[in-house]
Amino acid sequence: MPDLITVEDRGPLRLIGLNRPDKRNAFNFQMIGELATAYTSYNDDPQLRCAVVYGHGGHLSGGLDLMDVLPRVAKDGIEVLYQEDQVDPWRVLGRRLAKPVIVAAQGTSYTAALELMMAADIAICASDTRFAQQETSRGIFPFGGATLRMPALIGWHNAMRIMLTGEVVDAQRALQLGLVSEVVVPEHLLERAIELGERICKQAPLAVQALLANAALARDAHLDAVSADLVERGLDIMRTEDAQEGAMSLMQKRHAVFKGA
């Protein structure tokens, strides 16, 4: 199997690329594991100070590859996605990341991709980016942290509208809401993310990590209890008939018919 995550180090800056362009970088089981490995090695390398995450092929990611991920998680639990001692890129389970991450979103940036972005410390996007949180359209609900972070980022009403309706949000609306801090033309997206990352790399690394730790403590003081509830509810929903119908409808490119069972 080819590598689904690319890693390039430019001095103290790590570039992490989602590399499944023929599937719009949809997260399958292998890709999630490789991404956790890339985050963990970044976190543990004292020479690295900042990371930029981006997508190859014009899209950040279309979200989860449900036909690959859903059966395994429903059977063995969310913990099966990566090892216990690894950093969770979505910052729900596992070790906490101690260093800053910038996510550069482009094109389709749905569900798990949007959650990955919200778990980052800085998010920018290209002007052609489309965001959506469409899990309820597939019979499941977000288990990558959207329910933990989106209301705090953009307010309860805005977050519920996006998550409950599955509507698509364009780049300018994302900027207005505060989902991203900057919108740039697509051809300059990675260049701009690297520019921000290199600027962070010039700051005092211990001060940067202390700042992140203190800010995260204020933001995430309740996270352990809420994350445990998320995992329990997420697994219950994944094991329903509606979740199977959602995955099948996505594969068959049709509207799902849910029964509430």
What is the set of long-range amide H partners of R14 at a cut-off below 5 Å, with H atoms built 1.01 Å from backbone N? R49, C50, A51, V52
Gaussian network model of the chain, springs between alpha carbon atoms under 10 Å - residue of A207, A123, A243 with greatest fluctuation: A207
Set of lysines near K99 by C-alpha distance (under 22 Å), chain-local residues within fewer than 8 positions excluded: K202
So if I restrict to the alpha-carbon atoms in segment 148-191, what is the Rg, and what is Dmax, the biggest pairwise distance, in Å? 11.9, 34
Using the Cβ atoms and a cut-off under 15 Å, what net charge is assigned to the surroundings of Q30, where Lys and Arg are +1 and Asp and Glu are -1? -2
Run the reach check for K23 against lysines, Cα to Cα strictly under 26 Å, same-chain hits fewer than 8 apart removed. What comes back? K75, K253
Angle between the Cα long axis of helix 205-220 and the longest principal axis of the chain, 0 to 90 degrees, nearest 10? 30 degrees
The chain, helix-only ellipticity at 222 nm - DSSP H runs n ≥ 4, -39,500 (n - 2.57), divided by all residues, nearest 500: -14000 deg cm²/dmol
Quantify how much of the Cα-Cα distance distribution of segment 1-63 extends past 17 Å, in percent. 36 percent
D170 to Q30: extension gain in nm, 0.36 nm per residue of separation minus the Cα-Cα distance? 47.5 nm
Calculate the all-directions average of the projected area of segment 1-110's alpha-carbon convex hull, and give it in nm². 6.7 nm²
For the chain, longest principal axis from Cα atoms; helix 156-165 axis from its Cα atoms; angle between them, nearest 10 degrees, is 50 degrees
By what distance, in whole Å, do the Cα atoms of segment 194-261 stretch along each of the three principal axes, largest value first? 54, 32, 12
Considering only protein heavy atoms and a probe of 1.4 Å, how much of the accessible area of the chain is carbon and sulfur, as a whole percent? 54 percent
Rounded to the nearest 5, the percent of DSSP beta bridges in the chain running antiparallel is 30 percent
Stretched out fully, how many nm does the piece from N214 to E84 gain, at 0.36 nm a residue minus the Cα gap? 44.4 nm
Stokes-Einstein D for the chain at 10 °C, 1.306 mPa s, Kirkwood Rh over Cα pairs, in µm²/s? 86 µm²/s
If packing is taken as the mean number of other Cβ atoms within 10 Å per residue, what is the order of 73-82, 54-63, 97-106, 164-173, highest first? 97-106, 54-63, 73-82, 164-173
Taking a probe of 1.4 Å and leaving out DNA, RNA and ligands, the chain shows per residue an accessible area in Å² of 47 Å²
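The values are calculated or read from the model by the stated rules, or taken from the named source; none is laboratory data. Small disclaimer: the values here were computed from a predicted structure and weren't measured. Note: ideal-geometry Cβ built from the backbone for every residue, glycine included; neighbour counts use all protein chains shown. Protein only, heavy atoms only, side chains kept; ligands, DNA and RNA dropped before computing areas. Shrake-Rupley method; radii C 1.70, N 1.55, O 1.52, S 1.80 Å.
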